[in-house]
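Worksheet: the structure to be examined is printed underneath.
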């Protein structure tokens, strides 16, 4: 928040407080609103001036000093201070002014209207109708206990609500920080995992003196640049994520046998959306880990479709005969991406994993956000 914005907020808050006190004095001080007459004593302003100054001071002391005692479990202290302030306002201030300034007996508003114990000529008791101002007067809000109670409720209520909101905001910020920290930790686990598998692929090419080894090193360099730079962001363009997945596919395909079949289809417009980095790679990595065989026919089929901000990603890989695969044995990659999806897209994604003896299928749907310009 900028300095000018903070200054404007303070000025606006001061304005609301000023308006609030003006309304409070207008409603509760007799003589101003026409519901009561000013007492004839020339010392009347001393009593009400002192009273309202005390209420104003008590309002801010209660809000900023006394109410915070509740959060410190000092309930007895808070109640003692409140009772002392009530007695001082309702009894001590009028007594001091009356004794030392020869003030007349404290002003007391007119009580409820009393009617004689006889019936009207029509045989019914029909008291005169009172205006809305007269009804307010008979509520007793001009009496000192009522004035103190109003100030106490408003100051305590506002402070409690403000503290509750700040605590809720603090917990929300803490939760977001923990989410970001956990995401960073999970991504740091991915980096060495990818590097280990990719170096194994290049090592295989180098042992066989394959001419594709330099190309594989270049692809690995581009991929590591993406992992170390782009993955530091919470969101990246979807097109960039797909491009890095294609680099990874090319890198892993270099060590595949002739019996391996790779299909990759994409459909839709991916240019205006963003996604969490390294979303697809764990699924692709898992497919290569469990779906590739140098002796039997094997395949990996990928499909990415986009429609109305809903991304559909599916990948299927063969399971070589004799190999037993379960979700729990699919490695750190899938468990990692499940946690990351839950943190980044709570209640905005669905992940289904199905498998049998011949095929392992993954279907992921994510509601994506548009790119921030």
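So here's what we get for this one:
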| quantity | calculated |
| --- | --- |
| Number of the condition not met by residue 269 [criteria: (1) buried (at least 19 other Cβ atoms within 10 Å of the Cβ); (2) within 42 Å of the chain's Cα centre (by Cα)] | (1) |
| Number of the condition not met by residue 355 [criteria: (1) within 25 Å of residue 251 (Cα to Cα); (2) at pLDDT 85 or above; (3) over 37 Å from the mean Cα position of the chain (by Cα)] | (1) |
| Some residue of the stretch 266-279 being within 22 Å of residue 358 (Cα to Cα) and free of Cβ contacts under 8 Å to residues at least 40 places away in the same chain | no |
| Any hit, the stretch 164-177, residues being closer than 30 Å to residue 247 by Cα, at pLDDT below 80 and within 34 Å of the chain's Cα centre (by Cα) | no |
| Residue under evaluation residue 53, criteria (1) at pLDDT below 85; (2) surrounded by fewer than 15 Cβ atoms within 10 Å (Cβ to Cβ), criterion not met | (1) |
| Failed criterion for residue 299 (all others in (1) closer than 22 Å to residue 370 by Cα; (2) at pLDDT 80 or above hold) | (1) |
| Qualifying residue in the stretch 81-98 (condition: closer than 20 Å to residue 13 by Cβ, outside any loop (DSSP other than H, G, I, E, B) and touching a helix residue (DSSP H, G or I) at 6+ places or on another chain (Cβ under 8 Å)) | no |
| The stretch 70-89, residues that are buried (at least 17 other Cβ atoms within 10 Å of the Cβ) and free of Cβ contacts under 8 Å to residues at least 60 places away in the same chain | 78, 81, 89 |
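One line per residue, one yes/no per condition, for (1) more than 44 Å from the chain's Cα centre (by Cα); (2) surrounded by 13 or more Cβ atoms within 10 Å (Cβ to Cβ); (3) at pLDDT below 85:
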site: 3; (1), (2), (3): no, no, yes
site: 26; (1), (2), (3): no, no, yes
site: 37; (1), (2), (3): yes, no, yes
site: 41; (1), (2), (3): yes, yes, yes
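Quick grid of which residues meet (1) under 29 Å from residue 371 (Cα atoms); (2) part of a strand (DSSP E or B); (3) at pLDDT below 90:
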residue	(1), (2), (3)
266	yes, yes, no
274	yes, yes, no
282	yes, no, yes
295	no, no, yes
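The values are calculated or read from the model by the stated rules, or taken from the named source; none is laboratory data. Please read these numbers as outputs of a predicted model, since none were measured by experiment. Positions of Cβ are generated from backbone atoms using ideal geometry, with glycine treated the same way; all protein chains shown enter the neighbour counts.
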